[in-house]
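Novice: Got a structure for you, questions after.
None of the figures in this text is laboratory data; all of them are computed from the coordinates on show. Computed from a predicted structure; not experimentally measured. Here the Cβ positions follow ideal geometry from the backbone for every residue, glycine too, while neighbour counts run over all protein chains shown.
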Amino acid sequence: MKAKILALLRSSEGYISGQELCERFGVSRTAVWKVMNQLKEEGYEIEAVQNKGYRLVHTPDVLSESELKSRMRTGWAGRNVHFLKETGSTNADAVRFLEEGEAHGTLVVADRQTAGRGRRGRSWESPSGASVYMTLALKPEFGPGQASMLTLVMALAVSEAISSVCGLKAGIKWPNDIVVNRKKVCGILTEMNMEADYIRSVVIGVGINVNQKVFPEEIRDTATSLSIEKGEEISRAELIASVMAHFERHYEQFVQDQNLSGIKQAYEEGLVNRNRKVRVLDPKGEYEGIAEGITDTGELMVRMDDGSIAEVYAGEVSVRGYYGYV
C-alpha cells in the first residue's frame with residue numbers, strides 16, 4: 001500500500017484528502033497516518049493541512065522497495081522488485097531468485113555491493129548511498145546465441161534513460177560502456193546460465209555512477225558521475241524506472257526481430273566510436289581502423305586501410321579510441 005500511496009501523491013498536482021486515501025485503498029485513517037509517518041521518517045517531505053489533506057513537497061534520493069515500485073510504469077520489466085541495503089552481488093542474487101521461481105523481469109537493486117564485478121572479473125567499486133547497482137533477471141525463450149546481444153539492448157536503454165532523466169548527452173562506447181563527456185558513468189555485465197542447448201536464465205547487471213563526488217586516483221581520469229556532470233543530485237529511483245521502461249520497449253523489439261536490426265539505428269546514433277579511428281586490442285594482434293557501426297548481431301564493424309571490413313566480437317577484445325579511452 002505504501003508504494004501505491006506514494007505513487008498517488010507523486011502524480012497529484014494538489015492535496016489528497018485522507019478520506020480519499022481511505023476509500024481508495026480500503027484502509028482506516030490510522031493506517032494512512034502510519035504510512036505518512038513512515039514516509040517522513042524515510043526523508044520524504046509531506047505537507048499535511050487540515051481539511052485539505054496530504055501533499056508531497058520533496059522526494060529525497062532514497063532507494064527502497066516502495067520508492068522503486070511507486071515509479072515503475074512498465075508491463076513486466078522491474079515490476080517485481082527486490083531491494084537490498086547491502087549484498088555481495090546483485091547478479092548472484094538475481095540468479096538465485098530465478099531459481100526460486102521468481103518471474104521473468106524481476107529486478108534486484110542494492111544500495112551497496114561488497115563483491116561487485118566488472119568485465120573479465122574485475123572488481124567494481126560499490127560504495128553505498130550514491131550509485132545504482134541493479135540486475136534484471138530474464139528467462140528468454142530464444143537460443144543461447146542471441147543472449148550476448150542483450151548487453152547492447154541494455155546499453156541503449158541506459159543511455160536513453162540518462163539523457164531523459166538527467167538531460168545529459170550519454171553515449172555508448174561499444175559494446176556496453178556508457179560515457180558522458182568522454183568519461184565512463186556505467187558498466188554492464190551480462191551473464192547466461194544455460195543447460196544443453198537452451199537458456200535457463202540471463203541476468204544483466206548494471207552499475208551507474210550517479211551521485212558520487214570523488215573517485216579513486218586510478219580511475220579519476222576516465223570515470224565520472226551524473227551529478228558531477230549535471231551539477232546537481234539525481235534521483236536514483238527515477239533513473240532506474242526510466243532504464244526499465246526503455247529496456248522493456250527495446251527488448252520486445254529485439255524478441256520480435258530475433259536480432260538488433262530494429263534498434264540498430266538508435267544504438268549507432270549513440271555510438272561515440274562511430275566514424276572515428278579506433279585501436280582493436282586483440283590478443284592475436286592489435287590493429288587500427290575506422291569504426292563504422294554494428295552488425296545486426298552486435299559486432300563492431302571496423303574499416304581497415306585496404307577498404308575491407310573487420311567484424312569485432314566482444315569478449316577478450318577491447319576497443320579504444322585512438323587518442324585515449326574513448
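Novice: So which of Lys183/Lys277; Lys213/Lys277; Lys34/Lys69; Lys85/Lys230 end up more than 22 Å apart, counting from Cα to Cα?
Specialist: Over 22 Å Cα-Cα: Lys213/Lys277; Lys85/Lys230.
Novice: With each pseudo-label sitting 7 Å past Cα toward Cβ, what's the Arg276-Ala48 distance in nm, one decimal?
Specialist: Here the modelled spin labels are 5.4 nm apart.
Novice: Follow-up question, since we're still on this one. For segment 15-71, take N as its residue count and report Rg(C-alpha) divided by 2.2 N^0.38 Å.
Specialist: This ratio for segment 15-71 stands at 1.12.
Novice: Relative contact order, percent, of segment 277-321 when contacts are C-alpha pairs under 8 Å separated by at least 6 residues? Intermediate results must be reported in sequence, preceding the final value.
Specialist: On the way: 77 pairs, mean separation 17.6, N = 45.
It rounds to 39 percent for segment 277-321.
Novice: Taking every eigenvalue of the Cα gyration tensor of segment 277-321, multiplying by 5 and rooting it, what semi-axes result, largest first, whole Å?
Specialist: 14, 14, 9
Novice: Right, something else. Tell me the label-point distance for the pair Glu20, Thr74, using the 7 Å Cα-to-Cβ offset, in nm and rounded to one decimal.
Specialist: Output for this residue pair reads 3.0 nm.
Novice: Something else now. If a paramagnetic tag sat 7 Å from the Cα of Val27 along the Cα-Cβ line, which residues of segment 46-61 would have the backbone N under 11 Å from that point?
Specialist: none
Novice: Given a cut-off of under 8 Å on Cα pairs at least six residues apart, what relative contact order in percent is computed for segment 2-58? Could you put the intermediate results ahead of the total?
Specialist: Numbers: 50 pairs, mean separation 22.1, N = 57.
That works out to 39 percent.
Novice: Right, here's the next one. Would you mind computing the Rg to Rh ratio of the chain from its alpha-carbon coordinates, Kirkwood style for Rh?
Specialist: Computed over Cα atoms, the ratio is 1.02.
Novice: What whole-number value in cubic angstrom gives the convex hull volume per residue for the C-alpha atoms of segment 1-152?
Specialist: Working: hull volume 21.9 nm³, N = 152.
Residue-normalised Cα hull volume stands at 144 Å³.
Novice: I'd like to verify something in the chain: which complete DSSP H helices, judged by Cα projection on the helix axis, reach 24 Å or more and average at least -0.5 on the Kyte-Doolittle scale? Provide the component values of the computation, followed by the final result.
Specialist: Numbers: long enough: 236-257 (31 Å, -0.40).
Length and hydropathy pass: 236-257.
Novice: How would you rank 179-188, 277-286, highest first, on the average number of other Cβ atoms within 10 Å across their residues?
Specialist: Per-residue Cβ counts within 10 Å, averaged per peptide and sorted highest first, yield 179-188, 277-286.
Novice: Which whole-number percentage describes the relative contact order of the chain, with Cα contacts under 8 Å and a sequence gap of 6 or more?
Specialist: Dividing the mean separation by the residue count of the chain yields 14 percent.
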